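Read through the structure below, which is laid out as structure tokens, and then see the notes.
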Amino acid sequence: MKKDGKPISMVTVYDAAFARMAEAAKIDMLLVGDSAANVMLGMNRTADISMEAMCVFTSAVKRGAPNSYIISDMPFGSDSEPKITLQNATRLIEAGADAVKIEGLPLESLKAIREKGIDLVGHLGLLPQTATSFKQVGRSEDEAEKIFEQARILDSLEPCSIVLEHIPEALGEKVSLATNAPTIGIGAGKHTDGQVLVMHDVLRMHPFKLPPFAKSFANFWEDGVKAFCDYKRWVNEKSF
Ligand code: KIV
């Protein structure tokens with residue numbers, strides 16, 4: 001159900017320390033994203049992260065934020081067919097997730113999750129696990145119509161929310177008006193019911209260019225490098 005007009009905040013976290021921080025800030029939902037592949041493991045593709053790694057990150061987040069609503073990404077290939085999907089979703093729930101997020105519309109797998117009573121978060125628009133480019137999607141009428149139809153099908157499964165990634169604002173609005181489930185945008189304009197960003201962008205934990213839709217609220221990169229330099233000087237000066 002839409003959340004009474006109050007926008008939903010979601011941020012990715014991957015470990016206990018930052019999950020504790022996000023819980024202290026009362027962020028509505030924590031996402032253990034498979035972006036962990038990039039930002040935590042230094043891989044090039046989210047598709048390369050394993051189920052084992054997602055379980056490790058999920059359990060760490062649960063330990064750091066035991067009172068938060070935690071969503072874990074089902075990694076690439078883990079939702080290929082219903083039986084495997086259920087096994088993998090159960091592993092993430094046992095590791096501490098309240099819901100699992102699945103990219104795209106593997107319909108039989110999504111139905112299996114819901115029939116088992118497992119909370120589901122959908123993910124439409126740009127799908128990083130299978131994307132060959134990171135350009136905005138849904139610009140052409142055909143593509144927009146396809147995403148809109150996918151959203152309606154997904155919505156009929158009563159997911160607890162639908163992430164919409166890197167689509168035009170008008171499409172973000174159209175989907176948000178048509179679905180019962182709250183939409184959580186990342187590069188989907190200002191009419192979605194909430195927003196998700198990657199923790200490393202929110203805190204500016206890297207020296208790289210931010211995606212066009214991301215925003216930083218701190219500069220951990222500068223502060224961190226400075227702190228390490230100060231520490232190194234302190235050691236070199238034998239001040240310890
Ligand atoms: O893995 C992730 O960080 C995500 C967000 C981009 C929504 O799926």
Hey, how much of the P(r) for region 133-240 falls beyond 15 Å, as a percent of Cα pairs?
69
Counting only residues 5 or more apart in sequence or on a different chain, those whose built amide H sits under 5 Å from that of SER161 are GLY122
What 222 nm value per residue comes from the helices of the chain, counting each DSSP H run with n ≥ 4 as -39,500 (n - 2.57) and dividing by all residues, nearest 500 deg cm²/dmol?
-12000 deg cm²/dmol
The chain: C-alpha pair distances exceeding 25 Å, %
41
Helix 169-178 sits at what angle to the longest principal axis of the chain, using alpha carbons and giving 0 to 90 degrees rounded to 10?
60
So how compact is region 177-220: Cα radius of gyration and Dmax in angstrom?
12.5, 39
First obtain the Kirkwood hydrodynamic radius of region 85-157 from its Cα pairs, then insert it into the Stokes-Einstein equation at 25 °C and 0.890 mPa s, and state the resulting D in µm² per second as a whole number.
184
Local charge sum around ARG152 (other residues, Cβ-Cβ under 14 Å, Lys/Arg +1, Asp/Glu -1)?
-2
State the Cα centre-to-centre distance between region 1-43 and region 126-188 in whole Å.
20
Karplus ³J(HN,Hα) for region 70-77 (6.51 cos²θ - 1.76 cosθ + 1.60, θ = phi - 60°; Hz, whole; x = Gly/Pro) runs 10, 10, 10, 6, 7, x, 3, x
Say we join alpha carbon atoms closer than 10 Å with springs in a Gaussian network model of the chain; which of PHE57, PHE134, PHE228 then has the biggest fluctuation?
PHE228
Restricting to lysines and to Cα separations under 28 Å from LYS135, and discarding same-chain partners fewer than 8 apart, the set is LYS101, LYS146, LYS174, LYS190, LYS209, LYS215
Once label points are set 7 Å from the Cα along Cα→Cβ at both LYS190 and GLU52, what is their separation, rounded to one decimal in nm?
4.7
Quick one: Debye curve from the C-alpha atoms of region 1-136, no solvent, what's log10 I(q)/I(0) at q = 0.21 Å⁻¹?
-1.31
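All of the numbers you see were taken from the coordinates with simple rules; none came from a lab. The structure displayed is predicted, hence computed values, not measured ones. FYI the Cβ positions are ideal-geometry reconstructions off the backbone, even for glycines, and counts take in every protein chain you see.
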